[in-house]
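Reviewing the structure listed below.
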Amino acid sequence: MARKKFVAGNWKMNTTIDEAKALAKGVVETVGNVTDVDIAVCPPFTNLLAVAEILKGSSVKLGAQDVHWEAKGAYTGKVSCSMLKSVGVTYVIVGHSEQRQYFHETDETVNKKVKAVLASELLPIICIGETLDERKSGQMDSVIERQVKGAFSGIEASDVTKCTIAYEPVWAIGTGETATPQQANEAHIFIRKIIEKLYDKEIAASLRIQYGGSMKPENAKELLAQSDVDGGLIGGASLKASDFAGIVNPV
Ligand code: 13P
């Protein structure tokens, strides 16, 4: 089955309200009419509503960078799925390596978030990826397998293709060091095999797997040309509309 490419910008902890509006306008002007690639931007929570207004009528969808799995209550500092939905969010990034590294995200909390996101009819972007130490010490496959199995534990077959996996090798995030297209593709093929074992061939063949880690206009074309790279989750280069557009439409 042909998989439609999906490019999402993860703005991380960047943009004040004015900066977010300007960036969102730039994204709409450059790629707002693109329909052969799915596109999303994921601003910080404070800017979601304003960006939603700007994206209206364009093909660019709104994403959030995290969510809490509980529906509501005494969870100071957290935001729920229904809150995200109420401001027009479609996608939710879950399990980003920065959440895993700095904010105690575990495979278990990732799984709870994935379940909550799907139950709210939102679409999760599930981030996985090994650190440099894990790659060097030969643990890459076991780490990826553990993260994928953890994220999909108890997820119904009918929900799997609502998910996107973002393979983000931690050593490539924000470092300027990109996985080679071959390294990325090998990892994506490996991830797809895990999904095939957990579910079946058809589901594995339909699931989209983005690459993330220092992706930019200069390296996007070759990465996106790989058989199993179905798009990108873009950090730094998503903060400049022209760079982001250059990844959506690589020349
Ligand atoms: P960079 O593109 O800045 O390396 O970040 C990738 C990333 O973490 C996207 O979620």
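How large is the charge dipole for region 196-251, taken about the Cα centre, if only the Cβ atoms of Lys, Arg (+1) and Asp, Glu (-1) carry charge, to the nearest 20 debye?
160 debye
I need the phi-derived Karplus couplings for region 168-173: 6.51 cos²θ - 1.76 cosθ + 1.60, θ = phi - 60°, integer Hz, Gly and Pro marked x.
Whole-Hz 3J(HN,Hα) from phi for region 168-173: 10, x, 4, 5, 9, 7.
Go ahead and collect, in residue order, the members of region 170-210 whose backbone nitrogen is under 13 Å from a label point 7 Å along the Cα-Cβ direction of Ala225.
181-182
Set the Förster radius R0 to 45 Å, insert the Cβ-Cβ distance between Lys240 and Ala205 as r into 1/(1 + (r/R0)^6), and round the FRET efficiency to 0.05. Don't skip to the answer; put the middle values down first.
Details: r = 34 Å, r/R0 = 0.76.
Using R0 = 45 Å, I get an efficiency of 0.85.
Do you know the relative contact order of the chain, to the nearest whole percent, from alpha carbon pairs under 8 angstrom that are 6+ apart? Let's see the in-between values first.
Values: 491 pairs, mean separation 53.2, N = 251.
Answer for the chain is 21 percent.
Using the Karplus curve 6.51 cos²θ - 1.76 cosθ + 1.60 with θ = phi - 60°, what ³J(HN,Hα) values do you get for each residue of region 23-34, in whole Hz, with x for Gly and Pro?
With coefficients 6.51, -1.76 and 1.60, one gets 5, 4, 4, x, 5, 5, 5, 8, 10, x, 9, 6 Hz.
If the chain between Asp107 and Val37 were fully stretched, how many nm would it gain, using 0.36 nm times the residue separation less the Cα-Cα distance?
Residue separation times 0.36 nm, minus the Cα-Cα distance, leaves 22.2 nm.
Given a cut-off of 19 Å, name the pairs among Lys162/Lys201; Lys12/Lys216; Lys5/Lys61; Lys193/Lys216 whose C-alpha atoms lie farther apart than that in the structure shown.
Details: Lys162/Lys201 16 Å; Lys12/Lys216 16 Å; Lys5/Lys61 14 Å; Lys193/Lys216 27 Å.
Exceeds cut-off: Lys193/Lys216.
Students often forget the sequence filter, so: which lysines lie under 16 Å Cα-Cα from Lys72 once same-chain residues fewer than 8 apart are removed?
Correct list for Lys72: Lys85, Lys112, Lys113, Lys115.
Once amide H atoms are built 1.01 Å from N in the peptide plane, which residues 5 or more positions from Ile234, or in another chain, come under 5 Å H to H?
Ala8, Gly9, Asn10
Take the chain, connect every pair of alpha-carbon atoms lying under 10 Å apart with a spring to form a Gaussian network, then pick out the residue of Thr90, Thr109, Thr175 with the largest mean-square fluctuation.
Sorting by GNM fluctuation, first place goes to Thr175.
Taking springs between alpha-carbon atoms closer than 10 angstrom, which of Ile209, Ile93, Ile144 fluctuates most in the Gaussian network model of the chain?
Maximum among the listed residues: Ile144.
Cα convex hull of region 56-97: mean projected area in nm², to one decimal? Walk me through the numbers on the way to the answer.
Numbers: hull surface 14.4 nm².
Reported value for the Cα convex hull: 3.6 nm².
Report Rg/Rh for the chain, rounded to two decimals, where Rg is the Cα radius of gyration and Rh the Kirkwood radius. It would help to have the intermediate numbers written out before the result.
Values: Rg = 16.8 Å, Rh = 17.9 Å.
We get a ratio of 0.93 for the chain.
Only Cα pairs within less than 10 Å get springs; with that Gaussian network setup on the chain, which residue of Val41, Val27, Val79 has the largest fluctuation?
Val79
Taking N as the number of residues in region 5-111, what is its alpha-carbon radius of gyration divided by 2.2 N^0.38 Å?
On the way: Rg = 14.1 Å, N = 107, 2.2 N^0.38 = 13.0 Å.
Rg over 2.2 N^0.38 Å, computed on Cα atoms: 1.09.
Each value in this text was obtained by applying a stated rule to the coordinates, not by laboratory testing. Source: prediction; values computed, not measured. Cβ sites come from the backbone with ideal geometry, for glycine too, and all protein chains shown count toward neighbours.
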